[in-house]
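K.L.:
Handing you a structure now.
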Amino acid sequence: TITIAWLRRDLRLADHPALWEASQEGVVIPLYILDADEQAGAAELWWRHHSLQQLQEALARHGLPLLLRRGKPLQILQEIIAESSSRAVFWNRRYDPAGIAQDTAIKAELRSQGIAVRSFMGDCLVEPWLHHHDEKPYKVFTPFWKSLLARFSIAPALPEPDFSALPHELTQNLATETLTDWHLLPQKPNWAKRFSKSWAPGETGAKNRLQQFLDESLANYSEGRNFPAQNSVSRLSPHLSHGEISPRQIWQETRFYLRQHPELTDEGEHFLRELGWREFSWHLLFHFPKLPDTPLRPEFANFPWQKDALLLERWQSGQTGYPIVDAGMRELWQSGWMHNRVRMICASFLIKDLLVSWQQGEAWFWDTLVDADLANNSASWQWVAGSGADAAPYFRIFNPVLQGEKFDPEGKYLRRWLPELSALPDRFIHQPWAADQDLLKKAGVVLGGNYPQRLIDHHEARQWALDIFEKLKKNN
Ligand code: FAD
């Protein structure tokens, strides 16, 4: 049998149920389609280019080409079926609304033509359609996670398929496009030039990242995960969002590590619980497909957002005058990633201090994050906005100065991303406007010159936001 294994956001060979099952049937044609209608973010495309390149090399070591085609998926699948006389298409399931709709339509069409179509669970710990005994989806994380742990045992991860025994001549003869044809990398100016210093996309990079995290950072995870200057989180998110590693592999490797290091059990459980938030986000997106653009709590639908392009632009470019926010936004721009604590602070600042809609922030993150993930991004933005599931209450408004002082007390993170403030003493680095002119001068800081004046006064903005939220509450 010749089976097409259609790869999407699962760019790996190990623990890949669709590839594994296809390899059990006979000849495998690994296929990647660049969907002409997809709205991808630019930073994510940078990652995808490198990830596909790594996958090509990994498959080449098995003597298999990765078939690259661009266009409408159904049409391309039909072309390859005709070119290869394949009678089967396998894939790992997607759970985003557009992906579900596309897969359902393609499955029906191909089956009507007598093609065997099989789909598998590859990218979650359990299928996201888990729900309460009363048939309702979970909206609060803790009962969701408890229920998941109590009702399911996580299946062992699959090994890499052994393609070597398969005849490959046929797959070698199919025409493929090249990655360079696709122009996924930024053209001039190359804003991603610093990305490769921070990242090693691909399956091997993902495995190494996990091992390094377990060996060097897990021991300090619970305590250190809130401190952006520390090397305490896994930075696995872009690997996960491109499916270079599966949550099942992370689960299994972490459990294996904990058996050898039982003293780290609490840290390991905490880390796996964060992976649980990813499961929860996919659960939410599956049950509430409008999550990316519509507030889950309808009372938030009429929020009077500011439509001020300048405010948004200053936030995007890290020019708000609040150092922790600016450092985060510059980390995002320069590395394609931002630490979770800082993501929360920056998101809160946009929504609750600048009163710019969370959808605008979500769109910017989508375009600039290498780990842009529809479920995690939309669930997290709604969480910060207070309009989502298990969300932070609307009156919790992060104070950017206190947050900075608490989670970056020595200003190490700030000095890394805002070198123009680096000579300020620690006690002023989170609020340069409080320093006197002599001190600023000595540190080479000119407010409104090489570093911006504050865009707003946080205390006033906070009160303004609270008043609006109170009014909304009364009207509902
Ligand atoms: P670790 O702490 O090492 O956690 C391991 C894994 O668990 C992560 O890789 C991630 O898959 C998952 N995880 C951890 N925290 C969360 C969380 N709060 N919600 C969901 N999953 C979580 N994450 C994305 O992957 N893509 C996004 O587009 C995204 N957008 C976000 C937007 C906002 C406004 C906020 C506040 C958070 C967002 N997150 C997003 C969640 C979180 O910030 C990142 O998953 C995390 O910072 C990734 O770093 P890490 O891999 O070192 O995490």
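Values quoted throughout were computed directly from the atomic coordinates according to the rules given, and no laboratory measurement underlies them. Nothing here was measured: the structure is a model prediction, and the numbers come from that model. Cβ atoms come from the backbone with ideal geometry, glycine included; neighbour counts cover every protein chain shown.
K.L.:
Which aspartates and glutamates have a Cα less than 14 Å from the Cα of Lys406, not counting those fewer than 8 places away in the same chain?
P.N.:
Glu223, Asp426
K.L.:
Give me the compactness ratio for the stretch 54-120, meaning the Cα radius of gyration over 2.2 N^0.38 Å.
P.N.:
Ratio of Rg to 2.2 N^0.38 Å for the stretch 54-120: 1.22.
K.L.:
Then there is this: State whether the stretch 318-396 is rounded, prolate or oblate according to the following rule on the C-alpha gyration tensor (a ≥ b ≥ c being the square roots of its eigenvalues): a/c under 1.5 gives rounded; otherwise a/b larger than b/c gives prolate, and the remaining case gives oblate.
P.N.:
Oblate is the answer for the stretch 318-396, as a/c is 1.5 or above yet b/c matches or exceeds a/b.
K.L.:
I've got another one for you. Expressed in nm², what is the orientationally averaged projection area of the convex hull enclosing the Cα positions of the stretch 27-154?
P.N.:
For the stretch 27-154, averaging the hull's shadow over all directions gives 10.7 nm².
K.L.:
Could you line up Lys412, Lys441 from fewest to most neighbouring Cβ atoms inside 10 Å?
P.N.:
Ordered by Cβ neighbours within 10 Å, fewest first: Lys441, Lys412.
K.L.:
Can I ask one more? Rounded to a whole number of µm²/s, how large is the Stokes-Einstein D of the stretch 298-474 at 20 °C and 1.002 mPa s, given Rh as the Kirkwood radius over C-alpha pairs?
P.N.:
129
K.L.:
How many nm separate the modelled label positions at Gln212 and Asn173, each set 7 Å beyond the Cα in the direction of the Cβ?
P.N.:
4.4
K.L.:
Measure out, as a whole number of angstrom, how far apart the alpha-carbon centroids of the stretch 369-418 and the stretch 72-121 sit.
P.N.:
Using only Cα atoms, the two centres lie 39 Å from each other.
K.L.:
Taking the convex hull of the Cα atoms, report for the stretch 184-326 its projected area averaged over all directions, in nm².
P.N.:
So the Cα hull casts an average projection of 12.2 nm².
K.L.:
Next question. Could you tell me the distance between the Cα centroids of the stretch 23-41 and the stretch 284-298, to the nearest Å?
P.N.:
The two parts, judged by their Cα centres, are 28 Å apart.
K.L.:
Within a 10 angstrom radius of the beta carbon, how do Glu44, Glu263 rank from fewest other beta carbons to most?
P.N.:
Neighbour counts put them in this order, fewest first: Glu263, Glu44.
K.L.:
Relative contact order (percent) for the chain, with alpha-carbon contacts under 8 angstrom and 6 or more residues of separation?
P.N.:
It rounds to 17 percent for the chain.
K.L.:
Let me ask something else about it. Taking the Cβ of Ser357 as the center, what net charge do the other residues with Cβ under 12 Å away carry, scoring Lys and Arg +1 and Asp and Glu -1?
P.N.:
Residues near Ser357 contribute -1 overall.
K.L.:
Can you list the aspartates and glutamates whose alpha carbon is less than 13 Å from that of Lys290, not counting same-chain residues fewer than 8 positions off?
P.N.:
Asp96
K.L.:
Would you calculate the convex hull of the Cα atoms in the stretch 119-261 and tell me its volume per residue in Å³?
P.N.:
Convex hull volume per residue, Cα atoms: 217 Å³.
K.L.:
Also: Okay, which of the stretch 385-425 sit inside 18 Å, backbone N to the point 7 Å along the Cα-Cβ direction of Glu299?
P.N.:
Label zone hits: 385-397.
K.L.:
Taking the chain as the region of interest, what is the percent of Cα-Cα pairs per 20 angstrom bin, listed from the shortest bin to the one with the maximum distance?
P.N.:
Histogram of Cα-Cα distances, whole percents per bin: 22, 53, 23, 2.
K.L.:
Could I ask something else about it? Enumerate the amide H contacts of Phe120 below 5 Å, restricted to partners 5 or more residues apart or on another chain; note that Pro and chain-start residues carry no placed amide H.
P.N.:
Here the answer is Trp91, Asn92, Arg93, since their amide H atoms fall under 5 Å of that of Phe120.
K.L.:
Further question on the same structure: Just want the ordering: Thr294, Thr104, from fewest to most Cβ atoms lying within 10 Å of their own Cβ.
P.N.:
So the residues, fewest neighbours to most, are Thr104, Thr294.
K.L.:
If you don't mind, another one. Based on alpha-carbon positions alone, could you give the equivalent ellipsoid semi-axes of the stretch 243-379 from the gyration tensor, as √(5λ), descending, whole Å?
P.N.:
Three semi-axes, in Å: 32, 19, 13.
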